[in-house]
Amino acid sequence: MIQQIKTKARRIMVTGGAGFIGSNFVHHWSQQYQDDRLIVLDALTYAGNRATLGYLEERENFCFVKGNICDRNLVDRLLQEEHIDTIAHFAAESHVDRSILGPGAFVETNVVGTFTLLEAFRQHWLSQGKPEDYRFLHVSTDEVYGSLEANDPPFSETTAYAPNSPYSASKAGSDHLARAYYHTYRLPTIITNCSNNYGPYHFPEKLIPLMTINILLGKPLPVYGDGQNVRDWLYVKDHCQALDLVIQKGTPGQTYNVGGNNEVKNLDLVNLLCQLMNELAPDLPVKPSQDLITFVKDRPGHDQRYAINASKIRTELGWTPQKTVEEGLKETIMWYLTNQNWWRPLLSTEYQAYYQEAYGQKFK
Ligand code: NAD
Ligand code: DAU
């Protein structure tokens, strides 16, 4: 168990707090630090779901604001009126396949939106006399480092950037801005680059929820290419614990890589998921669910392998991931089984149109 270190009561703004990782972080933070003021700023795109925050809306020191991070007037007003001292920035367009189909929104939100937040936070920080304990946590991805071959060492904080998709290029741009705001203005920014998250509240388009839901519905399981690409799977609650430590103890101007120490080939992961679903899910329409695995056209520019060397956050901040991929998958499956009222409404017309465009086949 990692020790909690709380240095001060914070007034924290979480962007993208109605999305997957952001909402898990909001749940984590509001449970750990009940006296902190927590403002969620989220545009509620297709990926945002206000219902995820549910019971929190009753709390006095919680506020949900529907709005865009590119809206400078709104951001200025919130920072000022709410006396924000900490931003945890998750808001983004996050899905690689959507960035291939339509990159514009990725540049707008990920680059221009991050710039808007940084500049607004800098003005606010200046107006308060540059307090040292202000923090801007920029949550980013290992995809900015590009693609590894089988025998390459994992990404470290000094690996050169080589983004390959419009998504990762837009995240790389935002990382550079966050870094530059520290080096130029000494704005206390910190960047984290993490590997593939999974767990509760994950939108159905991503590999693990997509496969879980398709197994439950008896639909084909589309594996890109030969399924030999490798990802390093990080349980979202382990990630939130790491971000907590980075906010409390991390050094401004630094980058911390966060990984699950769980490298798995996609096909092995899908097979493991099928095996666990066969055991845990009652009355599957197709059993064994492995029979649903279908190899489909590869993602253009598909990165072969991601892997994270997380020794810096381990040695400097004392963080290690707690969950193996098998433990995390079991918990995730149980969550999707018992929370069907959360994910079923997300299989909407928008999702079906996306599915048709991305996979060339109808979802229903
Ligand atoms: P997500 O797509 O589930 O959620 C994104 C949230 O941001 C949604 O609630 C959406 O409504 C909101 N949003 C989008 N555009 C907005 C805008 N212009 N203004 C305000 N809100 C906006 O994303 P996620 O998977 O939770 O990822 C969160 C962050 O973590 C992203 O920055 C992503 O790049 C990064 N990340 C994700 C993973 C992963 O495996 N999911 C891994 C590494 C890094
Ligand atoms: O590495 C961190 C990144 O992980 C984050 O920055 C992104 O926001 C997040 O979406 C995720 O990106 P990936 O592209 O790795 O995740 P995705 O779930 O889309 O795909 C995981 C792997 O599975 C990848 O190799 C592509 C493959 N895949 C994915 C889907 C959706 C399939 O084989 N079939 C599919 O249908």
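The values are calculated or read from the model by the stated rules, or taken from the named source; none is laboratory data. Bear in mind the structure is a predicted one, so any value in this text is a computation, not a measurement. Positions of Cβ are generated from backbone atoms using ideal geometry, with glycine treated the same way; all protein chains shown enter the neighbour counts. Ligands, DNA and RNA are excluded from the accessible area calculation, which covers all protein heavy atoms including side chains. Shrake-Rupley method; radii C 1.70, N 1.55, O 1.52, S 1.80 Å.
Got at least one residue in segment 92-111 being open to solvent by 10 Å² or more (accessible area, probe 1.4 Å) and of a type in the set (Phe, Trp, Tyr)?
Scanning segment 92-111 turns up no residue that is open to solvent by 10 Å² or more (accessible area, probe 1.4 Å) and of a type in the set (Phe, Trp, Tyr).
If ALA18 passes every condition in (1) within 26 Å of GLU357 (Cα to Cα); (2) open to solvent by 10 Å² or more (accessible area, probe 1.4 Å); (3) not in a helix (DSSP H, G or I) but one, which one does it miss?
(2)
Tell me which residues, restricted to segment 198-221, are more than 19 Å from ALA281 (Cβ to Cβ) and open to solvent by less than 10 Å² (accessible area, probe 1.4 Å).
If the condition is that a residue be more than 19 Å from ALA281 (Cβ to Cβ) and open to solvent by less than 10 Å² (accessible area, probe 1.4 Å), then GLU205 is the only one that fits.
If you check ASN339, ASN309, which single one turns out to be within 16 Å of ligand 1 (Cβ to nearest atom), closer than 17 Å to MET211 by Cβ and among the polar types (S, T, N, Q)? Talk me through it step by step, then tell me what you get.
On the way: ASN309 fails: closer than 17 Å to MET211 by Cβ.
After applying the criteria, what remains is ASN339.
Is it the case that some residue within segment 179-194 is under 14 Å from TYR306 (Cβ atoms), modelled with pLDDT of 95 or more and crowded, with 19+ Cβ neighbours inside 10 Å?
Start the filter on segment 179-194 by keeping residues that are under 14 Å from TYR306 (Cβ atoms), which leaves 193-194.
Remaining after also requiring modelled with pLDDT of 95 or more: 193-194.
Retained after the next criterion (residues that are crowded, with 19+ Cβ neighbours inside 10 Å): 193-194.
Within segment 179-194 (the criterion being under 14 Å from TYR306 (Cβ atoms), modelled with pLDDT of 95 or more and crowded, with 19+ Cβ neighbours inside 10 Å), the answer is yes, since at least one residue qualifies.
Could you count how many residues in segment 54-73 are open to solvent by less than 70 Å² (accessible area, probe 1.4 Å), more than 10 Å from ligand 1 (Cβ to nearest atom) and touching a residue at least 24 places away in the same chain (Cβ under 8 Å)?
6
Would you confirm, using the coordinates I've provided, whether LYS249 is closer than 21 Å to ASN309 by Cα, open to solvent by 40 Å² or more (accessible area, probe 1.4 Å), touching a helix residue (DSSP H, G or I) at 6+ places or on another chain (Cβ under 7 Å) and within 16 Å of ligand 1 (Cβ to nearest atom)? Even if it seems obvious, please write down each step before you answer.
Numbers: closer than 21 Å to ASN309 by Cα: yes; open to solvent by 40 Å² or more (accessible area, probe 1.4 Å): yes; touching a helix residue (DSSP H, G or I) at 6+ places or on another chain (Cβ under 7 Å): yes; within 16 Å of ligand 1 (Cβ to nearest atom): no.
The answer is no for LYS249.
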